[in-house]
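Report on the following structure.
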2 protein chains.
Amino acid sequence: MSKKLRDWLLSVGLKRTKPRLLVLDILHKNEHFMSADDIFVKAKKVDKSISLSTVYRILESFVEKEIVSPVTLEYSKHLLYELKHETHAHHLICLSCKKVIHVHNCPLESFEKQMGDQYDFKVKNHKLEFYGLCSACQAKENAS
Amino acid sequence: MSKKLRDWLLSVGLKRTKPRLLVLDILHKNEHFMSADDIFVKAKKVDKSISLSTVYRILESFVEKEIVSPVTLEYSKHLLYELKHETHAHHLICLSCKKVIHVHNCPLESFEKQMGDQYDFKVKNHKLEFYGLCSACQAKENAS
DNA sequence: GTAGGTGCAAAGAGTTTGCATACGC
DNA sequence: GCGTATGCAAACTCTTTGCACCTAC
């Protein structure tokens, strides 16, 4: 695990405990949004003794310290989590494998302003997700 | 309740029972996304005898028959529901009163194509929500 | 009259909390 | 060493299911 990732905890005032580093590592390595239970299952493979309630508590503290963002998606009834990115980003989400591609540009500034004017609505932020098939899953679909 | 709304049930093959008409009416009258429990609380005021499990079953059947869309939002951990609209629409959601304004135009077609080309990602649909303050809540905020 | 819908109660998931022990700083 | 974090078990909340009765067609 990178030093940068390890130091992130200290810099927000959280002790570097074994379970926290583990959760951080799992979120960092994964290219999917993950539920508390997804993370727990992966964590259990590395550290048999970790408890699900610890995972919940860690996620809660990470969200509070803004290390992690909670995400709700069309295809899942559960709250999911992702490591926070430095920059504003949108998502391409594969309906088949659930992989998430981050898109670091945003076409919405002018539309946002237009909405604000038309409805007298003051936009604070927005959420944009595209659902579809990633390159690999398109290939799989064509093959079958 | 409008005849159109009442006939909607029959036209998708659902009997017009009292609890179904009630749920339909509540969803129709409300300008917010609602959870199963939100709907149950409102329904209870009209019909004391309605049961929460009935509300869950009704919502399940409405989603299956595509009368209702399930929605997940940034500010709520629960699955919410809205009556389906005839046309593709996006949402302006007030962070204060949770009112939902429907926007029937969409700036994303060209961006969608661009994303598809750039990442070899075949977009099937997308979800766009703006979060902010509606006209009334801006006024309230300025007054306080 | 019959198939399907409903209310109630109980079961099942998912999430949170209390408490004694363990660990990072 | 102190204060916080953890694991475990129990509590709590949300959602689903089984069953007997009821109702729309």
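Within segment B:22-39, can you find the residues that are more than 9 Å from DNA strand D (Cβ to nearest atom) and either farther than 14 Å from B:E82 by Cα or within 14 Å of chain A (Cβ to nearest Cβ) (or both)? Let's see the steps before the verdict.
Applying the first criterion (more than 9 Å from DNA strand D (Cβ to nearest atom)) to segment B:22-39 yields B:22-34, B:38-39.
Hits for segment B:22-39 are B:L22, B:E31, B:F33.
Let's see how each residue does on (1) buried (at least 18 other Cβ atoms within 10 Å of the Cβ); (2) at pLDDT 90 or above; (3) more than 10 Å from every other protein chain (Cβ to nearest Cβ):
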{"position": "B:V55", "(1), (2), (3)": "yes, yes, yes"}
{"position": "B:F62", "(1), (2), (3)": "yes, yes, yes"}
{"position": "B:K65", "(1), (2), (3)": "no, yes, yes"}
{"position": "B:H85", "(1), (2), (3)": "no, no, yes"}
{"position": "B:H90", "(1), (2), (3)": "yes, no, no"}
{"position": "B:G116", "(1), (2), (3)": "no, no, no"}
{"position": "B:S135", "(1), (2), (3)": "no, yes, no"}
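Look at A:E141 and say whether it is surrounded by fewer than 12 Cβ atoms within 10 Å (Cβ to Cβ) and facing chain B (nearest Cβ under 10 Å). Break it down stepwise before answering.
Working: surrounded by fewer than 12 Cβ atoms within 10 Å (Cβ to Cβ): yes; facing chain B (nearest Cβ under 10 Å): yes.
Yes.
Does B:F111 meet the test of being facing chain A (nearest Cβ under 8 Å) and either touching a helix residue (DSSP H, G or I) at 6+ places or on another chain (Cβ under 9 Å) or surrounded by fewer than 14 Cβ atoms within 10 Å (Cβ to Cβ) (or both)? Write out each step before concluding.
Numbers: facing chain A (nearest Cβ under 8 Å): yes; either touching a helix residue (DSSP H, G or I) at 6+ places or on another chain (Cβ under 9 Å) or surrounded by fewer than 14 Cβ atoms within 10 Å (Cβ to Cβ) (or both): no.
No: the conditions fail for B:F111.
Any residue at all in segment A:3-15 that is of a type in the set (D, E) and surrounded by 17 or more Cβ atoms within 10 Å (Cβ to Cβ)? Lay out the reasoning, then the answer.
We begin by selecting, within segment A:3-15, every residue of a type in the set (D, E); these are A:7.
Imposing the further condition that a residue be surrounded by 17 or more Cβ atoms within 10 Å (Cβ to Cβ) reduces the set to none.
Scanning segment A:3-15 turns up no residue that is of a type in the set (D, E) and surrounded by 17 or more Cβ atoms within 10 Å (Cβ to Cβ).
Go through segment B:33-53 residue by residue and tally those that are loosely packed, with under 13 Cβ neighbours inside 10 Å and charged (D, E, K, R).
Result for segment B:33-53: 4.
What residue, of A:K18, A:K42, is in contact (Cβ under 8 Å) with a residue 24 or more places away in the chain, among the basic types (K, R) and in the same structural domain as A:V55 (by TED's automatic domain parsing)?
Details: A:K42 fails: in contact (Cβ under 8 Å) with a residue 24 or more places away in the chain.
Answer to the selection: A:K18.
Would you mind finding the one in A:K77, A:K122, A:K127 that is touching a Gly at 6+ places or on another chain (Cβ under 6 Å) and within 10 Å of chain B (Cβ to nearest Cβ)? Talk me through it step by step, then tell me what you get.
Values: A:K77 fails: touching a Gly at 6+ places or on another chain (Cβ under 6 Å); A:K127 fails: touching a Gly at 6+ places or on another chain (Cβ under 6 Å).
After applying the criteria, what remains is A:K122.
Could you tell me which numbered condition B:V68 fails, if it satisfies all but one of (1) in contact with a helix residue (DSSP H, G or I) (Cβ under 6 Å, 6 or more places away or on another chain); (2) assigned by TED's automatic domain parsing to the domain that holds B:F33; (3) under 25 Å from A:F121 (Cα atoms)?
All conditions pass for B:V68, except number (3).
Among helices (runs of 4 or more DSSP H) lying entirely in segment A:1-102, which contain 2 or more residues that are within 22 Å of B:S76 (Cβ to Cβ) and more than 10 Å from DNA strand C (Cβ to nearest atom)? Spell out the reasoning first.
Working: elements: A:3-11, A:18-29, A:36-46, A:52-64.
Helices (runs of 4 or more DSSP H) meeting the threshold: A:52-64.
The values are calculated or read from the model by the stated rules, or taken from the named source; none is laboratory data. Predicted, not measured: the structure shown is a model, and the values here were computed from it. Virtual Cβ from ideal backbone geometry, glycine too; neighbours counted across all protein chains shown.
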